[in-house]
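Q: Structure below; questions to follow.
The values are calculated or read from the model by the stated rules, or taken from the named source; none is laboratory data. Quick caveat: nothing in here was measured; it's all calculated off a predicted structure. Positions of Cβ are backbone-derived with ideal geometry, glycine not excepted, and every protein chain shown enters the neighbour counts.
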Amino acid sequence: MIRGSTIVPERIYTHILAVNPEHPDPDCIDRAAQALRQGQLVAFPTETVYGLGAHAGDVAAVRRVFEVKRRPASDPLIVHIADTSQLTDIACNIPDLAWQLVQHFWPGPLTLVLPRHERIVAEVSAGLTTVAVRMPQHPVAHALLRAACVPIAAPSANLFARPSPTTAQHVLEDLAGQIELVIDAGATTIGVESTVVDLTGAVPVVLRPGGITLEALRAIVPGLAWQARQVKLDHATGVAAPGMFARHYAPRAELLLFVGESEAVVAQMYATGQRLTAEQKQVGILAPAEELADFADIAVHCVSLGSRSDLTEIAAHLFAGMRELDRRGVDVILVRSFDQSGLGLAIWDRLLRATEGKFIRVAAG
Ligand code: TXA
Ligand code: MG
């Protein structure tokens, strides 16, 4: 459909199949698997986030994934498999280290970048000679991939640069009318994406921290490299120079990230919330449950990230919290940083990318 000078994509009916997350109805799984084999797009839950699946051997279906997500063609997709035996159909020259990691961490939230098998169409990998592969653990993803009998290319099922979806509702917010099917199995458990490890260079490198921690990986691969991004701070404002990171995983509202010792940070967030509400701004606070009471006497929208002593809870609620505050229509979201050990590294990475690398350093009070 063409309206004026803008092309408006035709809308299609998006079917929703609700299934039990532990024991999905085989008829539902077969229907979704058949849709995938026919080249349709199916969103499905994994243990990390919902994925937008397409038959990895169907070039038209793969191209549609980029189109509906509005994802740049230069950003490669992950191929999902049901069984480790499929790995040799996807990648070639697989090093021993890959098999070691597979043995320890699959099924699970670890993606391996390996040399691409010529049978895998170049579009999946955005033309690269490498390919990213992962075997998810979620019973629904596993059943679907097994029933599909073909490898499935699947990025996160969100519009490009938006927070990844951790519920079927989030998928529908971004992609309803654009894809054929969503399998709804409730909220995902991990809430941040898989860890991506590149095994094609001289040393193994973490490209994206995620559901498998750096500590767990280093127990198997002591030489694993992780290049923490350098954030350049403006000394006057404590704010990083813009453009250090492409804005990604971001809510529509402006996100202000506060870094420092927690009491001083909460005090600074409170003062900022007070100032912004006085300027008639709608302010959202994304904070651990224990800290929400500190904001009780200012007119802000509070969303809990779960207990501050449990980074798995914080990770699980991070993207959902950003989306909830967007739904409430806030102008600005205030959030603080967490310890960067364990899952905290993935949380820090997502927060930093959502703010394009900008944060406010708070000196101890
Ligand atoms: O947990 C996850 O990984 C989820 C679920 C659905 O499996 N998927 C996901 O896909 O997060 P996506 O497309 O949103 O992120 C894939 C990441 C991107 O950062 C992409 O650049 C990187 O993996 N990637 C994919 N193929 C690559 C390749 N050949 N070389 C380097 N990086 C690659
Ligand atoms: Mg993504």
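For every residue, the table says whether it meets (1) out of contact with any helix residue (DSSP H, G or I) (no Cβ under 9 Å at 6 or more places or on another chain); (2) more than 23 Å from residue 351 (Cα to Cα).
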| site | (1), (2) |
| --- | --- |
| 124 | no, yes |
| 129 | no, yes |
| 155 | no, no |
| 160 | no, no |
| 164 | no, no |
| 177 | yes, yes |
| 186 | no, yes |
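Q: Hey, another quick one. Identify all residues within the range 111-129 that are more than 16 Å from ligand 2 (Cβ to nearest atom) and not small (Gly, Ala, Ser); write none if there are none.
A: 112, 114, 115, 116, 117, 118, 119, 120, 121, 123, 128, 129
Q: State whether one or more residues within the range 348-357 are at pLDDT 95 or above and surrounded by fewer than 17 Cβ atoms within 10 Å (Cβ to Cβ).
A: So far as the range 348-357 goes, no, none of its residues is at pLDDT 95 or above and surrounded by fewer than 17 Cβ atoms within 10 Å (Cβ to Cβ).
Q: Strands (runs of 3 or more DSSP E) wholly in the range 1-116 with at least 1 residues that are surrounded by fewer than 19 Cβ atoms within 10 Å (Cβ to Cβ) - which ones?
A: On the way: elements: 15-18, 42-45, 50-55, 78-80, 110-115.
Fully inside the range 1-116 and qualifying: 15-18, 110-115.
Q: Identify the residue in the range 148-167 that is surrounded by fewer than 24 Cβ atoms within 10 Å (Cβ to Cβ) and over 19 Å from residue 87 (Cβ atoms) and, among all such residues, is farthest from ligand 2 (Cβ to nearest atom).
A: The residue in question is 167.
Q: Let me ask something additional. Can residue 123 be described as in contact with a His (Cβ under 7 Å, 6 or more places away or on another chain), among the acidic types (Asp, Glu) and assigned by TED's automatic domain parsing to the domain that holds residue 84?
A: So residue 123 fails the test.
So that you can scan it fast, the table gives a plain yes or no per residue for (1) out of contact with any helix residue (DSSP H, G or I) (no Cβ under 6 Å at 6 or more places or on another chain); (2) surrounded by 16 or more Cβ atoms within 10 Å (Cβ to Cβ); (3) at pLDDT below 85:
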{"position": "213", "(1), (2), (3)": "yes, yes, no"}
{"position": "217", "(1), (2), (3)": "yes, yes, no"}
{"position": "229", "(1), (2), (3)": "yes, no, yes"}
{"position": "232", "(1), (2), (3)": "yes, no, yes"}
{"position": "236", "(1), (2), (3)": "yes, no, yes"}
{"position": "241", "(1), (2), (3)": "yes, no, yes"}
{"position": "246", "(1), (2), (3)": "yes, no, yes"}
{"position": "251", "(1), (2), (3)": "no, yes, no"}
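Q: Does the range 92-102 include one or more residues that are within 11 Å of ligand 1 (Cβ to nearest atom), touching a helix residue (DSSP H, G or I) at 6+ places or on another chain (Cβ under 8 Å) and not hydroxyl-bearing (Ser, Thr, Tyr)?
A: Within the range 92-102, none of the residues are within 11 Å of ligand 1 (Cβ to nearest atom), touching a helix residue (DSSP H, G or I) at 6+ places or on another chain (Cβ under 8 Å) and not hydroxyl-bearing (Ser, Thr, Tyr).
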